[in-house]
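Readers should treat all values here as calculations from the given coordinates under stated rules, not as data from a laboratory. For clarity, every value in this text was computed on a predicted model and none was experimentally measured. Glycine also receives a Cβ, built like all others from the backbone with ideal geometry; neighbour counts cover every protein chain displayed.
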Amino acid sequence: MTNREKTQRIALSGLLVALMLVLGYVESLIPVAAGIPGIKLGLSNGVLIFAIYMLGIPTAFVLMILKVVLSGLMFGGVSAMMYAFAGGLVSMIFMALLSRIKGVHVIVVSMIGGLMHNVGQVGLAMIMLATPKLLYYMAILMAVGLACGALTGVCADSVMKHLKKIRK
């Protein structure tokens, strides 16, 4: 990889982190399910899917960590960072593994990512609050995670298809 390519990759990564932060902020303004805590669209997940497929898994992990830390510092705080990291880590592990299996579509990878993000967050909450009763809430979050993951997966797939056409 040339210095020019490395510089372009770093610049693109910076743009993607900025995009994830903006999408996270915009998402916080959208009342998806008023009264039901923890439900979000997961718009920045689409950017991570793009990163997994277009920049590679190590870069995607770094982008996820940067997004968690920066959004936590700007919008959330330490508690929000812990939950976002737990969800992001579990989600990224599963998305990274699934993305390497031939024949698994991007939308499926995104759906599992949305689902596993909720598993990571609820798992941490169960540990922090020392209660298994949050498993009941998990059923709602799993359905929402799959649906929102499908939406972000469709968006990410569409963007990647268009970018591949532009490259040609």
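Brief remarks follow.
- In the chain, the DSSP-assigned H stretches of four residues or longer account for a calculated mean residue ellipticity at 222 nm of -27500 deg cm²/dmol, using -39500 (n - 2.57) per stretch and the full residue count as denominator.
- The angle between the Cα long axis of helix 3-29 and the longest principal axis of the Cα atoms of the chain comes to about 30 degrees, rounded to the nearest 10.
- The length gained by stretching the chain between Lys133 and Thr2 to full extension, at 0.36 nm per residue less their Cα-Cα distance, is 41.8 nm.
- The C-alpha atoms of the chain define a longest principal axis, and helix 78-99 lies at about 60 degrees to it.
- Semi-axes of the equivalent ellipsoid for region 38-122, computed as √(5λ) from the eigenvalues of its C-alpha gyration tensor and ordered from largest down, come to 21, 14, 10 Å.
- Considering only Gly46, Gly103, Gly77, the Gaussian network model of the chain with Cα springs below 10 Å gives its largest mean-square fluctuation to Gly103.
- Cα long-axis angle, helix 106-129 against the chain (0 to 90 degrees, to the nearest 10): 40
- What separates the Cα centres of region 1-28 and region 96-168 is a distance of 21 Å.
- Peptide ranges 78-87, 143-152 listed from the most packed, as the mean C-beta count within 10 angstrom indicates: 143-152, 78-87
- Matching label, mean projected area of the Cα convex hull in nm² computed from the structure shown, candidates (1) 27.6; (2) 12.9; (3) 10.5: (3)
- The alpha-carbon of Lys164 sits under 22 angstrom from the alpha-carbons of these lysines, leaving out residues fewer than 8 places away in its chain: Lys6, Lys102.
- Here each label is just a point 7 Å from Cα along the line to Cβ, and for Glu27 and Leu73 those points are 2.0 nm apart.
- Karplus 3J(HN,Hα) series, Hz, for region 44-49 with 6.51 cos²θ - 1.76 cosθ + 1.60 (x for Gly, Pro): 5, 4, x, 5, 5, 4
- The order of the peptides 94-101, 59-66, 123-130 by mean Cβ neighbours within 10 Å, most packed first, is 59-66, 94-101, 123-130.
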